[in-house]
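Quick notes on the structure that follows.
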Amino acid sequence: MQIIDRIAQIHDDLTTWRRDIHAHPELGFEERRTSALVPAKLAEFGCEVYRGIRKTGVVGRLRAGASPRSVGLRADMDALPIQEANSFDHRSRHDGRMHACGHDGHTTMLLGAARYLAETRNFDGTINFIFQPAEEGLGGAEAMVKEGVFDRFPSDAIFGMHNSPGLAVGKFTIRTGPMMAGCAFFDITVAGRGAHGARPEAGIDPVIAASHIAAALQTIVSRNVRPVDTAVVSITRFHAGDAYNVIPEQAVIGGTVRAFENETLGLIEQNMRRMASGVAAGFGAAAEVDFRVVAIPLINDATEAAFLADSAAELVGADNVDRNGMLVMASEDFSYMLNHSRGAYIRIGNGDEPGGCQVHNPGYDFNDAILPLGASLFVRLAERKLPRT
Ligand SMILES: [Zn+2]
Ligand SMILES: [Zn+2]
């Protein structure tokens, strides 16, 4: 592995920063400690620092030479509402909050790259280090784009990286075009009429209506979506009633939809609305659908994906970069940045030891061994995008 020497030398520092962030997890748009720590470090390295971009977003800017070229490197800072099950020293200090997706590691890798690039300045142009809040379903990337982050910090190309448990240390995967699914959340409120559990004829049972809606929704993917397109409709919530002898007034079902094209998400929404109101009407009930797209599909630009894969291959060898990585049904809101600016996103192996935890698991931890590799990739990307002539 061709990790940059100077970055390998600061591995202990990187590990200390990562564990400190891990021990102090903060939820989306509440990253107050992290969004104070990141700018302090950036300023110490010698970057220009801009805070408060959509609440807790941070951008560090580094310029060298006179070239108008620019590149954006992005990391996410938020944690998840999960109770950590680990017992190591750097476990979460906060009940019910945990860095279970490795954003502590992503932030640290980008800080490591910023430190090296500020020291060496072996590039010609502008590097924007973008630290976004609220990646986990709360719209941090979209909020930063809407706030004009790329008007203030134009970036010819932007790059993001996510750790991947199950993929060996020293390996990367990427693909051109769609890579991760778009995501919507939905709630369907079925309104009936409450009654005594022994006198169903006096009410309209929303539990029965909602049950039939839940069953009917299963046919959207099999009957409405083209078989060659990929989509998921999962009902993950079903809430109704509090008592054994009361038919409740309403039932609420909720869940998530995933697809690799915005059109497919739209088609599913349309069918869900028709199906829910039609089935509910059949029972004399009424259904209201709240359908919210929380992430559009993540689509890698072909040229920038090849550039990113080449940069990774320089570090770990071509054999360790899978350029035709699997499609992933999970979502990532960096998609909103890629929808605005050309760029690409890559997965870095977090280790494939047996018993290792997946992200969003209470036993997960980011693998400190990969910090120098990820930081080196951010550095190489910037130096190759902004070469000195
Ligand atoms: Zn996550
Ligand atoms: Zn994540």
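Can you name the helices (runs of 4 or more DSSP H) wholly within segment 1-59 that have at least 3 residues being buried (at least 17 other Cβ atoms within 10 Å of the Cβ) and among the hydrophobic types (A, V, I, L, M, F, W, C)? Show your work before the answer.
Details: elements: 5-9, 11-23, 34-45.
Counting at least 3 such residues, we get 11-23, 34-45.
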Subject >> Members of segment 352-361 that are away from ligand 1 (no atom under 13 Å from the Cβ) and in contact with a strand residue (DSSP E or B) (Cβ under 9 Å, 6 or more places away or on another chain) >> reply: none
Original post:
Do the conditions hold for His90, that is, is it closer than 30 Å to Pro362 by Cβ and away from ligand 1 (no atom under 16 Å from the Cβ)?
Top reply: yes
Subject >> Residue selected from segment 1-44 under the condition among the acidic types (Asp, Glu) and more than 14 Å from Lys55 (Cα to Cα), by the criterion modelled with the lowest pLDDT >> reply: Asp5
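Kindly indicate whether Thr264 is surrounded by fewer than 18 Cβ atoms within 10 Å (Cβ to Cβ), touching a residue at least 12 places away in the same chain (Cβ under 8 Å) and of a type in the set (Ser, Thr, Tyr).
No; evaluated as a whole, the condition is false for this residue.
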Subject >> Residue list for segment 311-336, restricted to those being closer than 15 Å to Ile158 by Cα and either more than 22 Å from the chain's Cα centre (by Cα) or surrounded by fewer than 17 Cβ atoms within 10 Å (Cβ to Cβ) (or both) >> reply: Ser311
Subject >> Some residue of segment 172-185 being over 28 Å from Val71 (Cα atoms) and surrounded by 19 or more Cβ atoms within 10 Å (Cβ to Cβ) >> reply: yes
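Filtering segment 118-173 down to residues that are touching a Cys at 6+ places or on another chain (Cβ under 9 Å) and away from ligand 1 (no atom under 16 Å from the Cβ), which residue is farthest from Asp310 (Cα to Cα)? Steps first, answer last, please.
Filtering segment 118-173 down to residues touching a Cys at 6+ places or on another chain (Cβ under 9 Å) leaves 118, 127, 129, 135-137, 162-163, 165.
Still in the running and away from ligand 1 (no atom under 16 Å from the Cβ): 118, 127, 129.
Values: Ala118: 23, Ile127: 19, Phe129: 21 Å.
Ranking the candidates gives Ala118 first.
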Original post:
Being within 19 Å of the chain's Cα centre (by Cα), modelled with pLDDT of 95 or more and part of a loop (DSSP other than H, G, I, E, B), is that true of even one residue in segment 63-78?
Top reply: yes
**OP:** Determine which single condition Tyr336 fails, assuming it passes every other condition in (1) in a loop (DSSP other than H, G, I, E, B); (2) within 16 Å of ligand 2 (Cβ to nearest atom); (3) within 28 Å of Val149 (Cα to Cα).
**Re:** (1)
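The values are calculated or read from the model by the stated rules, or taken from the named source; none is laboratory data. Keep in mind it's a predicted model, so treat the numbers as computed, not measured. All Cβ positions, glycine included, derive from the backbone under ideal geometry; neighbour counts span all protein chains shown.
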